[in-house]
Amino acid sequence: MAKENDLMEKIVSLCKRRGFIYQGSEIYGGLAGTWDYGPLGVALKKNIENLWWKRFVLDREDVYGVDAAILMNPLAWEASGHVGGFNDPLVSDVKTKKRYRADHLLEDAGENVVGMDLAAMTALIKEKGIKSPDGNELSAPQQFNMMFKTSVGSVDGSDTIVYLRPETAGGMFVNFKNILDTFHPKLPFGMAQIGKAFRNEIAPRDFIFRVRELEQMEIEYFVRPEDWEKYFNGFFDEQMAFLTDDLGLTKEKIHKIDVPAADRAHYSKHSVDTEFDFPFGQKELLGLAYRTDFDLKAHAEASKVDLSYFDEESKERLVPHVIEPTFGVGRLLLAVMSDAYAEDDQGGEVRTFLKFSPKVAPVKAAVFPLLKNKPELVAKAREVYTALKKEIPQIMWDDNGNIGKRYRRQDEIGTPWCITIDFDTLGENADLLDTVTLRHRDTGAQERIAIADLAALIQKGIRA
Ligand code: GAP
């Protein structure tokens, strides 16, 4: 366990040192459960999102992208069951008043809480004499609603309570009719959205794994009720393909978990979670749920707007059922980061590197002049850099320190290739005119390659 904690510490420290992720509002001492993405974190996040959008929206004909408002009419969250049932089991330390998740304390004590309800947790905490981490008695567990509330309106006493959305899904269900009316899609079809969601987590933990402000990528896929299983299984396979083929995650670290009825969300009739071997254990990475017609029916009833679908061919009216693949962007980023983290020995020195797949790497290649005080080398390197950047925007210029230092820096941010412009590039050795040294991140191997071939080589790596 010490080794695993050590790995997380190294990852958190690298994320800060190299500008991936910083603590939220750090200069004020931070705010629990919030994190700020720096330039490389944003680049990595956008790559993950773009790969997702490409696979699940652009490459398909049947999925419509939307970007709905975060603030919604509060009636929507009453209808969806979140006001009444989006809860976590809360206990507090009777002395310090610190709050904890009852299920987490039980898990930390080695108990299996799968499928356990609040009454069973209460009994088990009593039976096992479980105390708070500070060694004090705990209050009886109670349900705690995780939605953040805020208010809309400026006149005293007339404010309306609204919620920060706890999942992006809601914004899609309320636009179901808009998509029907404007695009006239045929079943099956889906809606997709990437955006922020907010959860007042009792105990945010494990870096960006459990946060209060998160980003989700979700699809609501509408099907005929009798077809649900076929599309459910199809989306499971697509989720796996996204994780392995697009993000390059190690297959053996990915686990399929059938969620027992007691642990399913209130809207789900069947759920399969995908878990991942994070440095702190095997934990949920993403989900897949069969939401039946729960949401469309609930919103139709509450809004009094017909949310049924009319099949022109069979002349039949029905309320479609929903398959929902859901992904947390931060958890995917942490999985990619922890899977890529590596150390080796190079010339008697420990080298840290991130072996990102070129598809997700925030910087695809870095261009260096061998010496920064030789104008002819700098000018040629600038020329190569500018031409490459036109074709592949995620190219970095680096002329700080000696070549060895630059390699270490690029290794730590996971840049697959480094390109050095030297005197041979300029023709000192006539045979090598207009060639550069290309250095491969994972092996440290170097080869000579023509400038004219660079863009194609990098493009091939990104596409592979
Ligand atoms: N619309 C379905 C839904 O929201 P969920 O299992 O509650 O389902 C979906 O959340 C995904 O969102 C999770 O699999 C996880 O990746 C991510 N997620 C949920 N809560 C999170 C949190 N507090 N911090 C980071 N990611 C979270």
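The values are calculated or read from the model by the stated rules, or taken from the named source; none is laboratory data. Please read these numbers as outputs of a predicted model, since none were measured by experiment. Glycine gets a Cβ as well: all are built from the backbone with ideal geometry, and neighbour counts include every protein chain shown. Note: areas computed on protein heavy atoms with side chains; ligands, DNA, RNA excluded. Shrake-Rupley method; radii C 1.70, N 1.55, O 1.52, S 1.80 Å.
Within the stretch 416-428, the only residue that satisfies the criterion of being out of contact with any Leu (no Cβ under 9 Å at 6 or more places or on another chain) and either open to solvent by less than 60 Å² (accessible area, probe 1.4 Å) or small (Gly, Ala, Ser) (or both) is Pro416. For the stretch 266-279, the tally of residues that are near the ligand (Cβ under 10 Å from one of its atoms) and surrounded by fewer than 18 Cβ atoms within 10 Å (Cβ to Cβ) stands at 1. Scanning the stretch 91-111 for residues that are surrounded by fewer than 20 Cβ atoms within 10 Å (Cβ to Cβ) and among the hydrophobic types (A, V, I, L, M, F, W, C) turns up Val94, Ala109. Cβ separations smaller than 8 Å between residues 6+ apart or across chains give the following pairs from the stretch 213-232 residues that are modelled with pLDDT of 95 or more and open to solvent by less than 10 Å² (accessible area, probe 1.4 Å) to residues that are within 16 Å of the ligand (Cβ to nearest atom) and of a type in the set (D, E, K, R): Met217/Glu49; Glu218/Glu167; Glu218/Glu324; Ile219/Glu324; Glu220/Arg291; Glu220/Asp295; Glu220/Glu324; Tyr221/Glu324.
For the stretch 341-357, the tally of residues that are surrounded by fewer than 21 Cβ atoms within 10 Å (Cβ to Cβ) and either among the charged types (D, E, K, R) or modelled with pLDDT of 95 or more (or both) stands at 9.
Here the helices (runs of 4 or more DSSP H) wholly within the stretch 325-419 that include at least 3 residues being within 16 Å of the ligand (Cβ to nearest atom) are 329-340. Given the criteria within 14 Å of the ligand (Cβ to nearest atom), touching a strand residue (DSSP E or B) at 6+ places or on another chain (Cβ under 8 Å) and over 16 Å from Glu167 (Cβ atoms), does Ala289 qualify? When the stated conditions are applied, Ala289 does not pass them.
If the condition is being within 9 Å of the ligand (Cβ to nearest atom) and more than 28 Å from Pro279 (Cβ to Cβ), then the stretch 168-222 contributes Ala169, Gly170, Glu220.
Restricting Tyr22, Tyr28 to residues that are out of contact with any Phe, Trp or Tyr (no Cβ under 8 Å at 6 or more places or on another chain), of a type in the set (Ser, Thr, Tyr) and surrounded by fewer than 19 Cβ atoms within 10 Å (Cβ to Cβ) narrows the list to Tyr28.
The single condition from (1) away from the ligand (no atom under 15 Å from the Cβ); (2) free of Cβ contacts under 8 Å to residues at least 24 places away in the same chain; (3) under 24 Å from the mean Cα position of the chain (by Cα) that Glu107 fails is (3). The single condition from (1) at pLDDT below 95; (2) surrounded by fewer than 19 Cβ atoms within 10 Å (Cβ to Cβ); (3) not hydroxyl-bearing (Ser, Thr, Tyr) that Ile202 fails is (2).
Of all positions in the stretch 127-144, at least one carries a residue that is open to solvent by 10 Å² or more (accessible area, probe 1.4 Å), within 28 Å of Arg101 (Cβ to Cβ), out of contact with any Pro (no Cβ under 7 Å at 6 or more places or on another chain) and within 16 Å of the ligand (Cβ to nearest atom). Looking across the stretch 157-180 at every residue that is of a type outside the set (Lys, Arg) and in a loop (DSSP other than H, G, I, E, B), the one that is most open to solvent (accessible area, probe 1.4 Å) is identified as Gly157. Among residues that are modelled with pLDDT under 95 and more than 23 Å from the chain's Cα centre (by Cα), Leu118 is included. Residue under question is Trp397, and the condition is that it be open to solvent by 10 Å² or more (accessible area, probe 1.4 Å), at pLDDT 95 or above, closer than 21 Å to Ala445 by Cβ and of a type outside the set (Ser, Thr, Tyr); does it hold? The answer is no for Trp397. Each residue in the stretch 86-98 was checked for being under 15 Å from Arg199 (Cα atoms) and assigned to a strand (DSSP E or B), and 4 pass.
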